[in-house]
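Here's the structure we're looking at; comments come further down.
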Amino acid sequence: MEWPGRLYKSIELLDKAIVKCHKCPRLVEWREEVATVKRKSYENEKYWGKPVPGFGSTNPKMLIVGLAPGAHGANRTGRIFTGDSSGDWLYGSLHRIGIAKIATSTSRDDGQELRDTRISMAVRCAPPENKPTTEERDACAPFLENELELIAPTVRAFVALGNFGWQVLLKTLKAQGHQIPTTKFGHGAMAKYQHDGADFMIIGSFHPSQQNTFTGKLTKPMLDGVLKKAAKFSGVL
């Protein structure tokens with residue numbers, strides 16, 4: 001059955017549709033279980049427990065694509081990369097280079113704003129062990145397809161956080177007619193190309209997960225550097 005994700009005519013309508021989605025039974029069960037059982041340190045908080053929409057500008061020059069909401073981060077707060085260490089790294093970096101209004105992102109009402117930038121994800125629900133299945137990835141794909149179509153007039157640079165986001169982003173752009181040079185994912189991996197007479201950049205970064213940041217695989221200067229390159233290319237900075 002064709003899923004009408006790409007039919008939404010505005011970011012606002014798309015976001016509302018995302019939040020109401022119940023398409024993947026395993027993810028629905030997990031996100032709601034986490035929101036009920038909770039982590040002890042957040043036991044007095046009300047968890048979001050629903051799919052998470054994108055955050056930031058509705059007419060961005062730069063789009064950042066991650067994997068999925070964190071179980072006790074975005075699945076708790078309702079904003080992507082918010083309320084966990086990955087978010088501390090991402091928003092801290094965006095603040096240092098002059099894109100995020102504040103250096104942290106702790107809740108949906110903390111006053112955070114992004115300059116000409118949007119953050120999205122390949123899968124909208126928190127998956128068990130941060131590992132969505134291929135079927136769940138594909139079921140969620142129309143949301144990112146729709147989002148990319150809506151921001152197409154302004155977006156010029158894409159940042160993929162991790163190989164999963166990289167693969168989903170490239171697959172989606174190629175399906176929309178972007179002729180992207182073959183480029184293997186890696187930190188700082190970059191593809192520049194033209195589409196419909198405009199210049200585009202895709203650049204990769206290791207995901208700011210604790211697995212990468214605690215081990216030193218990803219450092220703050222490394223993340224700052226990737227984001228700054230994309231921001232300057234797209235005209236955000």
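The values are calculated or read from the model by the stated rules, or taken from the named source; none is laboratory data. Model, not experiment: these values are computed from the prediction. Using ideal geometry, Cβ is built from the backbone for each residue, glycine included, and neighbour counts are taken over all protein chains shown.
Given the residues 44, 75, 59, which is the only one that is among the polar types (S, T, N, Q) and under 17 Å from residue 143 (Cβ atoms)?
75
Of all residues in the range 72-96, which are surrounded by fewer than 19 Cβ atoms within 10 Å (Cβ to Cβ) and either part of a loop (DSSP other than H, G, I, E, B) or touching a helix residue (DSSP H, G or I) at 6+ places or on another chain (Cβ under 7 Å) (or both)?
Within the range 72-96, 85, 96 meet the criteria.
Scan (1) free of Cβ contacts under 8 Å to residues at least 24 places away in the same chain; (2) in contact with an Asp or Glu (Cβ under 8 Å, 6 or more places away or on another chain); (3) not aliphatic (A, V, I, L, M) for the single condition residue 176 breaks and write down its number.
Only one criterion is unmet by residue 176, namely (1).
Can you tell me which residue among 170, 114, 144 is surrounded by fewer than 22 Cβ atoms within 10 Å (Cβ to Cβ), of a type in the set (A, V, I, L, M), farther than 22 Å from residue 72 by Cα and in contact (Cβ under 8 Å) with a residue 40 or more places away in the chain?
114
Scan the range 210-237 for residues that are over 16 Å from residue 158 (Cα atoms) and surrounded by 21 or more Cβ atoms within 10 Å (Cβ to Cβ) and jot them down.
The answer is 212, 218.
Would you be able to tell me the number of residues in the range 117-137 that are free of Cβ contacts under 8 Å to residues at least 60 places away in the same chain and either among the hydroxyl-bearing types (Ser, Thr, Tyr) or surrounded by 15 or more Cβ atoms within 10 Å (Cβ to Cβ) (or both)?
Residues that pass the stated criteria total 3.
Pull up the range 1-31, narrow it to residues that are within 21 Å of the chain's Cα centre (by Cα) and acidic (Asp, Glu), then point me to the one that is surrounded by the most Cβ atoms within 10 Å (Cβ to Cβ).
For the range 1-31, the residue satisfying everything is 15.
Taking the range 147-167 as the region of interest, how many residues are surrounded by fewer than 19 Cβ atoms within 10 Å (Cβ to Cβ) and under 21 Å from residue 212 (Cα atoms)?
Going through the range 147-167 one residue at a time, the tally reaches 2.
Which number in (1) among the aromatic types (Phe, Trp, Tyr); (2) over 22 Å from residue 156 (Cα atoms); (3) modelled with pLDDT of 95 or more marks the one condition that residue 55 misses?
Going through (1) among the aromatic types (Phe, Trp, Tyr); (2) over 22 Å from residue 156 (Cα atoms); (3) modelled with pLDDT of 95 or more one by one, residue 55 breaks only (2).
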